[in-house]
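Here is the structure we will look at.
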Amino acid sequence: MPIVTLAFTNGEKVRCEVPRGQTILEAAQAAGIVLAKECENGACQTCRGTLRSGQVEELDVTELSEEDFDAGAVLVCSTGPLSDAEIEFPYAPEELITPAPHQMTVQDVTLLSPTTARLRGQLPRRNDFRFRPGQYVNISLPGLQAKRSYSMASPPSDPRNVEFHIRLLPGGLMSAYVTDEAAPGATLDIVGPYGAFYLREADGPAVMIAGGTGLAPMISMLRALAQRNATRRIALYYGVTRFEDLYGLDELEGLKARLPGLSVHCAVAEADNRWTGRTGYVTDLLSGPDLPPAEQVYVCGPPAMMHAVRDLIAQRFAADVDVFYEEFAPVS
Ligand SMILES: Cc1cc2nc3c(=O)[nH]c(=O)nc-3n(C[C@H](O)[C@H](O)[C@H](O)COP(=O)(O)OP(=O)(O)OC[C@H]3O[C@@H](n4cnc5c(N)ncnc54)[C@H](O)[C@@H]3O)c2cc1C
Ligand code: FES
């Protein structure tokens, strides 16, 4: 039976036998090993690791692109080993917070731009909800058998009061709920926190790359850093498709005033005369000669942007830079 070694960022390595036909996640769970996971069907990429040696096969259809699979990305919820193998995960087991269900009361819904809503919610006074800056929760749609994932934009210092930035998509279920129904006092079931995309403690420089509401987890991270007067050098690259999608610029100005090491670079792809800044995609911002140094890179946004940025990151950053991804994959 193949033995899979699970390697973590704290240097810990755990070995696990994986019976034929079982996924690595199933075998790890049976052995009492806790790994980051959520959907367990190859969609959310929360269980993503990197293959360091050996061979694996996908047992199910997953959302992982061919390029990512070829580059060694593994979704352990949908993958089994073909030989002994080693898989590295971008976290230490003790950093994982166990997800749990909670009820959230809607405080208010405000438009941050014509296509972006801010939903603020409050959890009950007595609750044990905690999260790391950058993580997300699943929100159930009232009356429907559907849920959607949203990253907290608020910092974890006040986990009772949470803020989400929600892209309003024509025909979208959550978009319709937020636009037409969500009102102060409404209750929503949430489960979380999820995700291995969260701010890693370090002093070295970081680059953040956000597309659209992919800015939300970055704002959570920046707010957390601002609360402790961090001087870390951070370059944020933020791109949107249309001027209507642009939001958060005032917030980012405020964060720049509190974070001396923060620089912000924005681009609008289909700009009109309301936008006087850079025209182009976030990849254009990253293609110039003046890319700052980085020990960590955080990337978050919709699938098309993630796809474009992944190739560029491989070209522009050294192989030993830690890169963390969160893809806002739509529910299929
Ligand atoms: C881990 C994770 C975290 C996320 N965090 C956030 C967040 O903080 N803020 C946020 O706005 N979204 C976030 N998303 C995406 C979010 O979960 C929903 O998929 C999105 O908001 C659409 O939901 P909806 O119900 O309005 O639309 P749906 O009913 O799901 O879809 C309506 C239509 O829009 C299409 N569609 C869905 N998403 C996109 C897209 N990104 N671009 C273009 N077309 C699309 C669908 O294919 C469908 O045709 C996250 C997703 C994941 C996996
Ligand atoms: S838990 Fe593996 S892709 Fe969601």
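The values are calculated or read from the model by the stated rules, or taken from the named source; none is laboratory data. Fair warning: this is a prediction, and the values are worked out from it, not measured in the lab. Counting neighbours? That spans all protein chains shown, and the Cβs are built from the backbone with ideal geometry, glycine included. These accessible areas exclude ligands, DNA and RNA; they are computed on the full protein's heavy atoms, side chains included. Shrake-Rupley method; radii C 1.70, N 1.55, O 1.52, S 1.80 Å.
What size of dipole, in debye to the nearest 20, comes out for the chain about its Cα centre when the only charges are +1 on Lys and Arg C-beta atoms and -1 on Asp and Glu C-beta atoms?
Working: 28 positive and 42 negative charges, 230 e Å.
Dipole size: approximately 1100 debye.
With every protein chain in place, what's the accessible area of L111 (1.4 Å probe, Å², nearest 10)?
110 Å²
Arrange the residues T231, T105 by how much accessible surface each exposes, largest first, with a 1.4 angstrom probe. Numbers along the way, then the final one.
Numbers: T231 110, T105 50 Å².
Order by accessible area, largest first: T231, T105.
7 Å from Cα along Cα→Cβ at both E201 and Q315: what's the point-to-point distance in nm?
Taking the two extended label points, one gets 3.7 nm.
Among S287, Y198, A73, flag the residue with its Cα farthest along the positive direction of the charge dipole of the chain, charges on Cβ as +1 for Lys/Arg and -1 for Asp/Glu.
Y198
Of all the accessible heavy-atom surface of the chain, with the other protein chains kept in place and a 1.4 Å probe, what percent is carbon and sulfur? Could you put the intermediate results ahead of the total?
Working: 7380 of 15370 Å².
On the chain, the fraction of accessible area on carbon and sulfur atoms equals 48 percent.
Ignoring ligands, DNA and RNA, how do D245, D250, D84, D272 rank by accessible area with a 1.4 Å probe, largest first? Write out the running numbers ahead of the final one.
Details: D245 10, D250 135, D84 95, D272 60 Å².
Largest to smallest exposure gives the sequence D250, D84, D272, D245.
Please state the relative contact order of the stretch 206-327 as a whole percent: Cα pairs under 8 Å, 6+ residues apart?
On the way: 202 pairs, mean separation 36.8, N = 122.
With pairs under 8 Å counted, the relative contact order is 30 percent.
Return a whole-number percent for the relative contact order of the stretch 150-217, with Cα pairs under 8 Å and 6 or more residues apart as the contact set. Write out the running numbers ahead of the final one.
Values: 35 pairs, mean separation 26.3, N = 68.
It rounds to 39 percent for the stretch 150-217.
For the chain, what does the relative contact order come out to in percent, with C-alpha contacts under 8 Å and a separation of six or more?
Details: 730 pairs, mean separation 47.2, N = 332.
Normalised by residue count, the contact order of the chain is 14 percent.
Assuming R0 = 30 Å, can you tell me the calculated FRET efficiency for the pair S263 and V34, based on Cβ-Cβ distance, to the nearest 0.05?
Details: r = 37 Å, r/R0 = 1.24.
Efficiency at R0 = 30 Å is approximately 0.20.
Are there trypsin sites (Lys or Arg not before Pro) in the stretch 1-99 that DSSP marks as loop and that have at most 13 other Cβ atoms within 10 Å, and which are they? The partial results should precede the final answer.
On the way: sites: K13, R15, R20, K37, R48, R52; in loops: R20, K37.
Sparse-neighbourhood loop trypsin sites (Lys or Arg not before Pro): R20.
What is the antiparallel percent of DSSP beta bridges lying wholly in the stretch 3-94, to the nearest 5? Present the calculation step by step, with values, prior to reporting the outcome.
Values: 14 of 18 bridges.
Just about 80 percent of them are antiparallel.
Evaluate E = 1/(1 + (r/R0)^6) for D60 and Q107, where r is the Cβ-Cβ distance and R0 equals 35 Å; express this FRET efficiency to the nearest 0.05.
Working: r = 39 Å, r/R0 = 1.12.
Efficiency, from the Cβ-Cβ distance: 0.35.
With the other protein chains left in place, how much accessible area per residue, in square angstrom, belongs to the chain at a 1.4 angstrom probe? Can you show the working numbers first?
Details: 15370 Å² over 332 residues.
For the chain, the solvent-accessible area averages 46 Å² per residue.
Mind checking the angle between helix 249-258 and the chain's longest principal axis? C-alpha axes, 0 to 90 degrees, to the nearest 10.
That works out to roughly 80 degrees.
Compute the acute angle (0 to 90°) between the alpha-carbon long axis of helix 215-227 and the principal axis of greatest extent of the alpha-carbon atoms of the chain; round to the nearest 10°.
80 degrees
Dipole size in debye (nearest 20) for the stretch 258-332 around its Cα centre, Lys and Arg Cβ +1, Asp and Glu Cβ -1? It would help to have the intermediate numbers written out before the result.
Numbers: 5 positive and 10 negative charges, 49 e Å.
The calculation lands at about 240 debye.
Grab the Cα-Cα distance for A176 and W275, subtract it from 0.36 nm times how many residues apart they are, and report the gain in nm with one decimal. All intermediate terms of the calculation are to be shown ahead of the outcome.
Values: separation 99, 0.36 × 99 = 35.64 nm, distance 2.80 nm.
Full-extension gain reported as 32.8 nm.
Restricting attention to the stretch 94-201, which GluC sites (Glu not before Pro) occupy a DSSP loop and are surrounded by at most 14 other Cβ atoms within 10 Å?
Counting only loop positions with at most 14 other Cβ atoms within 10 Å, the GluC sites (Glu not before Pro) in the stretch 94-201 are E201.
Which of the lysines could a cross-linker span from K147 if the Cα-Cα distance has to be under 28 Å and same-chain partners fewer than 8 positions apart are dropped?
Output for K147: K37.
Would you calculate a helix-derived [θ] at 222 nm for the chain, using -39,500 (n - 2.57) for each DSSP H run of n ≥ 4 and dividing by the full residue count, to the nearest 500?
Details: 7 runs with 59 residues, N = 332.
About -5000 deg cm²/dmol.
Accessible area of T110, 1.4 Å probe, to the nearest 10 Å²?
Roughly 50 Å² of T110 is accessible to a 1.4 Å probe.
Projecting each Cα onto the charge dipole of the stretch 206-327 (Lys/Arg +1, Asp/Glu -1 at the beta carbon, about the Cα centre), which of V268, T241, L255 comes out farthest on the positive side?
About the Cα centre, the residue reaching furthest to the positive side is L255.
For the pair R15 and R126, what calculated FRET efficiency results from E = 1/(1 + (r/R0)^6), where r is the Cβ-Cβ distance and R0 = 45 Å, to the nearest 0.05?
Numbers: r = 41 Å, r/R0 = 0.90.
Efficiency at R0 = 45 Å is approximately 0.65.
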